[in-house]
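A short reminder: the numbers here are calculations on the coordinates, not readings from a lab. These numbers were taken from a predicted model, which means no experiment stands behind them.
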Amino acid sequence: HTKNFSERRKRKESDKSTNTMHILITGYTGLIGRNLLKLLSSEEFIGDEIITEVTLADVIYTHVSLPMTSFVVGKKKVDITSDDPRSVEELFYSRPDIIFHLACSSKEEHFNFDQEHRVNVNGTKNMLDAIRAIPGYSPRFFFASSISASNPSSAEPQDSHETQNAIAERLISEYSQEGFVDGISLRLPTVVGHPNPKASGRTAASFFSRIIKGHIIASPKATAENLLRVANLTSRQLPTSRIMNMPGITLAGHEIIEAVNHVAGERVVKLIHQERDNCKWNTKPRWPQNIDTNNALSLNFVPDKSIEATVKSYIEDHLNQRKSCLHLRGSFKRQLSGMTA
């Protein structure tokens with residue numbers, strides 16, 4: 001659905017010299033992707049260019065409640081992990097101007113080295129190679145990396161996920177230096193949503209998710225807002241290193257529980273079961289500490305205001321998602337009723 005255009009957009013569209021903007025989002029079904037789409041729906045411009053089209057790409061078709069927008073929204077089912085980079089070429093037939101590469105794989109349910117490597121490394125390289133093959137095409141490329149790739153306590157990445165992020169970052173820097181893309185890797189704080197009941201807890205993200213049944217360090221909403229901020233900056237404003245640590249909030253476990261109690265009440269806190277899991281705690285010494293985010297803060301990137309705000313953001317997202325699912329279920333039932341009538 002499209003909403004009415006603003007007066008500013010109408011004036012811009014009447015100006016034939018105005019540039020238009022096509023945005024591609026990979027991994028749109030995740031919490032960050034959904035929040036980014038929601039933010040884009042309230043925008044009509046990136047910088048001074050009119051957003052005319054947003055393409056959503058993922059390996060599966062998943063229902064995402066699409067808000068009213070002033071631009072065209074399309075979906076593509078694409079597996080970026082194929083051994084043949086031509087499998088992702090269709091993503092770039094229309095030459096999107098900005099690419100938010102959010103697709104990733106983490107050790108949530110069980111450790112699968114091959115799958116993680118295919119998504120996090122091969123998938124990124126396939127996209128870069130497909131772009132490289134198009135003469136005269138060099139889009140802006142924003143890669144959602146992780147602070148786990150930035151560990152000042154160690155000269156080398158400490159596990160496979162850190163290594164994969166580091167490899168992808170190097171690829172984006174190299175392809176940017178060669179002029180194939182105008183890319184930057186954004187090292188995001190831990191961003192989590194609903195904990196997977198089947199999760200083995202091998203990652204810190206899974207651990208945090210289970211503590212508050214939601215977000216910690218950075219909410220998907222704050223992360224999406226910062227992604228939109230970086231898209232509105234010029235390349236000259238961004239670090240020449242092509243890598244930037246994004247801001248977040250750092251908290252101890254007891255502070256999280258206190259925030260849940262303050263926002264949701266003691267009844268909800270009683271649902272939290274505290275127990276030690278050596279698999280999770282063994283990751284703690286390796287998790288990066290004292291990450292330097294001064295560069296991002298100087299460019300007006302902001303973390304969540306507080307852990308209370310993060311918990312409230314989770315509740316809002318959760319309720320909105322439930323409403324969307326109930327609406328979809330009701331619509332499906334009405335269609336079935338019509339078919340049997």
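Quick rundown of the values:
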{"item": "Residues whose placed amide H lies under 5 Å from that of Ile134, excluding near-sequence neighbours", "result": "none"}
{"item": "Nonlocal amide H pairs with Ile46, under 5 Å, H built at 1.01 Å", "result": "Ile51"}
